[in-house]
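The block underneath contains the structure these notes are about, expressed in structure tokens.
Bear in mind these aren't lab numbers, they're just calculated from the coordinates by the rules spelled out. As the structure is a computational prediction, the values presented were derived from the model and not from experiment. Neighbour counts are summed over all protein chains in view; Cβ atoms, including those assigned to glycine, are modelled from backbone coordinates with ideal geometry.
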Amino acid sequence: MFSASVIIVLTIGVGLFITYPLLTRFRSAKSGEDSRTSDLMVRRDQLFHDIRELEFDYRMGKLSEEDYAELLTQLKTEAAEVLSALEEAERTPSEKPHEPLRAAPRDADIEVLVAAARQARAARLRQGPEPAKRITCPSCNAANPLEAQFCMKCGALLAAETKGNP
Amino acid sequence: MSEIGQFSLLLAFLVCWYTVFAAIMGARRNSPELIASAYRGVWSFFFLLTIASGALMYLLAVRDLNVEYVARYTSSNLPMFYAIPAFWAGNAGSLVLWVWILSGYSALMVWRHRITDTPLVPYAAAVLMLVGSFFMTLIIFLFQTDASMTPQMVRDPFYRVMQAVLGVSGGGLHPTCNPFWRLPFTPAEGLGLNPQLQNPGMMFHPPTLYLGYVGMAIPFAFGMAALVSGQADNQWLILTRRWTITAWFFLSLGNILGGWWAYVTLGWGGYWAWDPVENAAFIPWLLATAFLHSVMIQEKRGMLKIWNMVLIIAAFGMTIFGTYLTRSGIISSVHAFARNEAFNLAFLLFMATSVMAATFLLITRVDLLKSEHQLDSLLSRESAFLFNNVVFVGAAFVVLFGTLFPLFSQVFRGVQVSVGVMWFNAILWPLWAALLILTGVGPLIAWRRADAANLRRNFLYPVAFGLLVAVGLALFGMRSGYALGFAGICAFVLATIVQEFYRGTKARMAISKETIPVAMTHLVSRQNRRYGGYLIHLGIVIIAVGITASSLFQREADLTLRRGERKPFQGYAFQYLSFRQFAEPNRDVHAATLQVFRHDALMRTAEVVKEDYYAEQMRWTKAKILYTLKEDVYLTLGSFSEDGSTVTINVKLNPLVSWIWIGGAVLIAGTVVAMWPDKREREHRRRTALRGSRAERRRPEAAARA
């Protein structure tokens, strides 16, 4: 009797659990834009890591000077491409940029890269859409796109209720 | 309880197939509902197998001897500590453990990547469930006609139906690998557990090894998913990196624990005998190690893409083969199990099908795997990695050939002849030497091409140190060429590792102005994959030292002693004090007490025993080991007169064996360091989780809108 009831409960429970997404108007936790941004971020982090490691290898004497220079240029070029693609993705209004470009790379080189990318973006933002569609950061007063959840300059949380739900 | 177990298996089988289809359809149609349902299928599969495994543990714990599996591997007087591990003492339970682990890995994998938006995950889930479905089929449907039974003796409703449908004649239907099968009668006592298995190692060694075997299924599944979905860039490698190293961690741990277990319990004084089942665990380890190294080349330089696919297919194939070898008893070994033709055929078919399907996929998709670079020079890190791969795969082939040789000889000459330990050692030692040298060369040599300056800068001191050690040992009287060679190589590798840590710390101190301890810690924590890898290399070097010394310099003697007599051997002396015989609940024990002297000072009083197990009807010799860092004194009781007036003691002096276990511990620690999630990954995971929770929050709104 005990076994029979366990078996029945198991069957019904597992059946319901598996078919739940099919029976209800289930919305997946994914979206295409998000994943593109996320892929870019992974790539960016990978590149920053590679640049750092390259410099480290060079200092440890595992690379000739020409190879170092050549590989560094390659990596930096790709990093710059990824950074601008990321920026592009952030500017696309369809999906909100939940993560600012600050990835805390340690070396000065990368900092410079990021700084350059930020400046370029800031310049584009200035001539961007009208200021009415922006939200001001409560902690640093920077202007952010309406969709932003975090400040793009200082990373502070932008209060959700101030911009109202879509 | 057996009904619940049996039913969970049946339901799990259905869920498994449903998941295969839902995942493939979901990925093809890009339907989030189907994919979500498939993921839930994977979790249900794990849940149901957990219930089945729990049921089996319960049956073993209460010794329900009506269940055939329980009666065969336990007895009422078997201690509880060994009753639960009897779970994996036989074929049926081992297969359940295999799928249970597979389902656990799959559930974890799907959970981790549930919001990673790539078709790789559902396809990988489908591949994993396909693998699972094979094992489920074996467990549930494999049967034989038992002439000692009548059809009426089959009580289980599922098998009654199956018997009626298949029209079994000449006896009753008897599933071959189902641990929940109930006997038509209840035996008065179970057969008990083989005394070799009554050791704490039984708790850990088989599950660890299975965690390693089954873990290789995940990178394999992702590799196949990459081929099927056409997304054959580096993403599958990045997604599976953690899984591969986890599987490798368990394979290494399983092999080390297996060696330690053999050393402690088998009583022949060694830790590795090239037994087929040991080899079955070692071959996947070799291939997985090769894979771990060659993926670095793909990640860094976009090379070896086809090779990596081939390696992971081979490594996975070998884990299945290892399971097969272990469970089929096709080659006699200490782990021998009963042979069963249907079981063999099913396994061979599965292996053939999966390897062929994978190879076919690889061939049709080969254009996706173009190499992005050419090999620039023979003297470069890329080619060092390539050599490393060639040697690892070569070693795997040698071990495989030696393992299968008894089968070949049976086919051609009609008798099983095994090649023996000497053969393995004679063929493999140059490969081990080459691998050790590459362990030192690979991490140091320059990428792309190494010039003279680079070689001088990186290798001058290590080579000098290696030579110094070899010459020094020769001056101290070591005459064995093997020993000197290996000692020199080990010293060389050791020096490269020390030099890497030294230079790395210096470089960090120069870059970020840190103090020595801070720089050291940051060195390891910021580049944990690299420096964890060096620690693993260090562990390997220590193990190599232990293996070289203990296999070249073991000394052995049989000492026959009258009571009170004392005999010397190699600086030790052994005195026989007393003899006693007594009964434990499940065995008789014969024990002789000895005093062991080292340079005439008492080192230890030790008791060596032989045990007669009742239920299993076996006599078992237990080893007594006096561990020291320099050498182990390995004592076994050879024979004894009934009244205990004389005993023969077998003494082995095994130099540096302890270092094998120490090296193993270093290797494991290094693996943990390398597995530790680095900052980038934690960041990425945080971001993914954030995205998931935001999507969660959006869901009710979306539903309301719709």
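Taken about its Cα centre, the range B:414-509 carries a charge dipole of about 400 debye when Lys and Arg each add +1 at the Cβ and Asp and Glu each add -1 at the Cβ. Each Lys or Arg adds one and each Asp or Glu subtracts one; over the other residues with Cβ under 11 Å from the Cβ of B:A450, this totals +2. Students often get this wrong: which residues of the range B:210-235 have the backbone nitrogen under 15 Å from the point 7 angstrom along Cα-to-C-beta of B:D367? It comes to B:230-232, nothing else. Using C-alpha pairs below 8 Å separated by at least 6 residues, the relative contact order for the range B:1-101 is 27 percent. Each Lys and Arg contributes +1 and each Asp and Glu -1, all at the Cβ; summed about the Cα centre of the protein assembly as shown, the dipole is approximately 1740 debye. Extending 7 Å from Cα along the Cβ direction at B:E556 and again at B:Q374 yields two label points whose distance is 5.6 nm. Label-to-label distance for B:Y627 and A:E53 is 3.6 nm, based on points extended 7 Å past Cα in the beta-carbon direction.
For B:E631, the amide hydrogen comes within under 5 Å of the amide hydrogens of B:L656, counting only partners 5 or more places away or on other chains and with H modelled in the peptide plane.
What number comes out for the charge environment of B:V70, summing +1 per Lys or Arg and -1 per Asp or Glu over other residues with Cβ under 12 Å away? Once positives and negatives cancel, what remains is 0. Over chain B, the hull volume per residue, using the convex hull of the C-alpha atoms, is 205 Å³. Each Cα pair under 8 Å and six or more residues apart adds its separation to the average, and for chain B the resulting relative contact order is 10 percent.
Normalised by 2.2 N^0.38 Å, where N is the number of residues, the C-alpha radius of gyration of the range B:552-614 stands at 1.31. Helix content alone sets the calculated 222 nm mean residue ellipticity of the protein assembly as shown: runs of n ≥ 4 DSSP H residues at -39500 (n - 2.57) each, divided across all residues, give -21500 deg cm²/dmol. When the alpha carbon gyration tensor of the protein assembly as shown is reduced to an equivalent ellipsoid, its three semi-axes come out at 51, 41, 24 angstrom, largest first.
Stretched out straight at 0.36 nm per residue, the stretch from A:A80 to A:C140 would grow longer than its current Cα-Cα span by 18.9 nm. Each residue, B:M478 and B:V518, gets one label point 7 Å from its Cα in the Cβ direction; the gap between the two is 4.1 nm. Scanning chain B for chymotrypsin sites (Phe, Trp or Tyr not before Pro) that sit in a DSSP loop and have at most 13 other Cβ atoms within 10 Å, the longest stretch containing none of them is B:186-475. In percent, rounded to a whole number, the relative contact order of the range B:86-202 is 29, using alpha-carbon pairs under 8 Å and six or more apart.
How high is the FRET efficiency from B:T353 to B:Y58, r the C-beta distance, R0 30 Å, rounded to 0.05? The formula returns an efficiency of 0.30 here. Extension gain for B:S641 to B:F360 (0.36 nm times residue separation, less C-alpha to C-alpha distance): 94.7 nm. Projecting the Cα atoms of B:T671, B:N586, B:Y572 onto the dipole axis of the range B:557-690, where Lys and Arg carry +1 and Asp and Glu carry -1 at the beta carbon, places B:T671 farthest toward the positive end. Under 11 Å from a point placed 7 Å out from the Cα of B:A433 along the Cα-to-Cβ direction: which residues of the range B:478-498 have their backbone N that close? Counting backbone N atoms under 11 Å from the label point, the list is B:481-489.
The slack in the chain from B:Q416 to B:L345, taken as 0.36 nm per residue of separation less the alpha-carbon distance, amounts to 23.6 nm. Neighbour counts of other Cβ atoms within 10 Å put B:M356, B:M603 in the fewest-to-most order B:M356, B:M603. Among all stretches of chain B without exposed GluC sites (Glu not before Pro) (DSSP loop, at most 16 other Cβ atoms within 10 Å), which one is longest? After excluding every exposed loop site, the longest remaining stretch is B:1-188. Dipole check for chain B: with +1 at the C-beta of Lys and Arg, -1 at the C-beta of Asp and Glu, and the Cα centre as origin, the magnitude is about 2520 Debye. If R0 equals 30 Å, the separation of the Cβ atoms of A:F2 and B:Y614 corresponds to a calculated FRET efficiency of about 0.30. Applying 1/(1 + (r/R0)^6) with R0 = 41 Å to the Cβ-Cβ distance of B:N30 and B:F397 gives a FRET efficiency near 0.45. For the range B:1-86, the fraction of alpha-carbon pairs lying more than 19 Å apart is 51 percent, rounded to a whole number.
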